[in-house]
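Each value in this text was obtained by applying a stated rule to the coordinates, not by laboratory testing. Because the structure is predicted, anything quoted here is derived from the model rather than measured. We place every Cβ from the backbone using ideal geometry, glycine too, and count neighbours over all the protein chains shown.
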Amino acid sequence: MLRFLDAGESHGRCYVGIIDGMPAGIEINIESVNKLLSERQNVYGRGKRMEIENDSATILSGVRGKITTGGPIGLMIENRDYENWKEYIDPLGEIKEGKEVTVPRPGHADLAGMLKFGFDDARNILERASARETAIRTAIGGIAMELLKLFHIEVKSHVVSIGHAVSVPDNMDEAFWNNVDASLLRCGDRETEKKMISEIDKAKESGDTVGGVVRIVAMNVPAGLGSHTMWDKRLDTRLSAACMSVQSVKGVEIGMGFEAAKRYGSEVHDEIFHGESGFYRKTNNAGGIEGGISNGENIVIRCALKPIPTLLRPLNSVDIHTKMPVRAQVERSDVCAVPAASVVLKAVVAWEIAVAFLDKFGGDNIDEVKNAYDHYIKRLNLTQLQ
Ligand SMILES: Cc1cc2nc3c(=O)[nH]c(=O)nc-3n(C[C@H](O)[C@H](O)[C@H](O)COP(=O)(O)O)c2cc1C
């Protein structure tokens with residue numbers, strides 16, 4: 001079973017992750033993992049914090065001479081900002097006053113977390129609730145991608161909309177994905193990109209924030225990952241939970257999603273054809289998953305992100321001590337998290353696909369995984385062509 005845990009706080013010394021269950025014998029290219037981290041970091045709409053950090057992952061264990069050993073993989077990402085915060089955050093030292101948060105921000109974990117854990121300082125909550133945690137999850141997804149690429153599975157993502165600026169790409173070819181990689185908004189369409197920049201700038205000028213939509217596409221996923229046999233084995237269950245676990249994501253659609261609810265069945269379901277290379281579809285409204293099982297088409301997911309809760313022109317709130325109405329506290333903050341979240345989302349989707357992949361083909365060593373995979377693909381091809 002492939003699983004991970006992570007720990008760390010926004011202004012703590014570092015984030016750490018532990019991956020358990022990665023087979024032995026996989027070559028890890030740390031540059032690819034760090035490229036993902038830099039994609040997450042260097043996008044438009046981020047705040048001053050990202051100018052301080054220079055995220056890169058250090059592997060602590062489970063990899064020897066670039067090859068996984070089968071042991072738990074320990075990962076670490078340091079927080080450079082810790083130097084400025086250590087007196088306020090030190091796990092064992094005296095805590096210096098001055099960074100308390102007693103006025104919770106609407107939309108953040110501040111109030112619910114203080115009520116749940118019994119604190120009158122939301123600092124104890126927001127340090128862990130912060131989406132800086134997605135840096136370590138991006139690195140963990142990057143390790144999963146090292147497994148997936150051995151089987152030519154690729155997970156990509158792009159920003160579909162920010163505020164009212166919506167991109168409707170009709171052709172997601174190589175040029176489109178190159179545009180995404182070259183774009184500071186991770187949007188493949190230059191015209192919409194300009195409109196997205198002005199949406200972010202407009203929000204920033206008025207002390208506000210803005211949300212948007214991200215699309216994630218997983219390519220070359222074999223038919224047969226996930227299962228209809230139990231609710232928690234369904235691939236759509238796992239993928240939607242993983243996407244929803246990313247801070248700010250408030251909606252997840254697979255394939256046609258909510259639009260399918262308005263249409264007739266004949267307009268939604270992807271008809272089945274058979275040709276020289278087996279079964280095929282002319283449409284992919286199902287988004288690559290039927291009955292909780294991958295069907296061999298691209299897996300297509302869309303996620304809606306709410307606007308960031310920390311506003312420079314803060315909303316009404318209440319002081320936890322005086323119970324008097326005041327404006328919410330302001331923390332240093334991003335204006336738009338959507339481009340960064342698009343990178344996080346492809347990492348968490350890659351992770352979940354790797355989990356389902358090893359559930360089906362898992363072994364202690366990558367050669368065992370390859371044997372199981374090759375054997376299955378042979379049988380799949382036979383079933384398709386007989
Ligand atoms: C990549 C990323 C960066 C974020 N940056 C900020 C930020 O700078 N300030 C902020 O208030 N919220 C930020 N958020 C959103 C909050 O972390 C999130 O709204 C909060 O933890 C509450 O969780 P929820 O929105 O899932 O309910 C960010 C989210 C993501 C995905």
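Dividing the summed helix terms, -39500 (n - 2.57) for each DSSP H run of n ≥ 4, by the number of residues in the chain produces a 222 nm estimate of -11000 deg cm²/dmol to the nearest 500.
Return the FRET efficiency for the residue pair A372, D208: r is the Cβ-Cβ distance, R0 is 56 Å, and the value is rounded to the nearest 0.05. Once the sixth-power term is evaluated, E becomes 0.60. With label points built 7 Å along Cα→Cβ from the Cα atoms of L60 and K149, find their separation and express it in nm. Placing both labels 7 Å beyond Cα along the Cβ direction yields 2.5 nm.
For L60, the residues whose amide H sits under 5 Å from its own are G74, L75, M76, ignoring neighbours fewer than 5 places away on the same chain, with H placed 1.01 Å from N. Its relative contact order, with pairs defined as Cα atoms under 8 Å and 6+ residues apart, puts the stretch 230-386 at 23 percent.
A DSSP coil position with no more than 16 other Cβ atoms inside 10 Å describes the following trypsin sites (Lys or Arg not before Pro) in the stretch 227-328: R263, K282, K323. Here the chain is treated as a Stokes sphere of Kirkwood radius computed over C-alpha pairs; at 10 °C and 1.306 mPa s its diffusion coefficient rounds to 71 µm²/s. Building the convex hull from the alpha-carbon atoms of the stretch 2-111 and averaging its projection over directions returns 9.3 nm². Where a ≥ b ≥ c are the square roots of the eigenvalues of the C-alpha gyration tensor, would you call the stretch 307-376 rounded, which needs a/c under 1.5, or, failing that, prolate if a/b is larger than b/c, or oblate? Prolate. Across the stretch 192-215, the residues whose backbone nitrogen lies under 15 Å from the label position 7 Å along the beta-carbon direction of V168 are 192.
For the stretch 163-301, just say rounded, prolate or oblate: build the C-alpha gyration tensor, square-root its eigenvalues into a ≥ b ≥ c, call rounded for a/c under 1.5, and beyond that prolate if a/b exceeds b/c, oblate if not. Prolate is the answer for the stretch 163-301, as a/c is 1.5 or above and a/b outweighs b/c.
Applying 1/(1 + (r/R0)^6) with r as the Cβ-Cβ distance of H228 and E191 and R0 = 41 angstrom yields a FRET efficiency of 0.45.
Which entries of K156/K282; K195/K233; K194/K250; K233/K282; K48/K96; K346/K370 have Cα-Cα distances beyond 32 Å here? From the list (K156/K282; K195/K233; K194/K250; K233/K282; K48/K96; K346/K370), the Cα-Cα distance tops 32 Å for K195/K233. A simple rule links phi to the HN-Hα coupling: the Karplus curve 6.51 cos²θ - 1.76 cosθ + 1.60 with θ = phi - 60°, which for the stretch 54-63 gives 9, 5, 8, 9, 10, 8, 9, 6, x, 9 Hz, with x for Gly and Pro. What's the extension gain from E31 to W177 if we count 0.36 nm per residue and subtract their Cα-Cα distance? That pair, E31 and W177, stretches by 50.6 nm at full extension. Which parts of the stretch 76-94 would a label at H321 reach, counting a residue when its backbone N lies under 19 Å from a point 7 Å out along Cα-to-Cβ? Answer for the stretch 76-94: 88-89.
Taking A112, A131, A354 as the candidate residues, the one with maximal mean-square fluctuation in a Gaussian network model of the chain, Cα springs under 10 Å, is A112.
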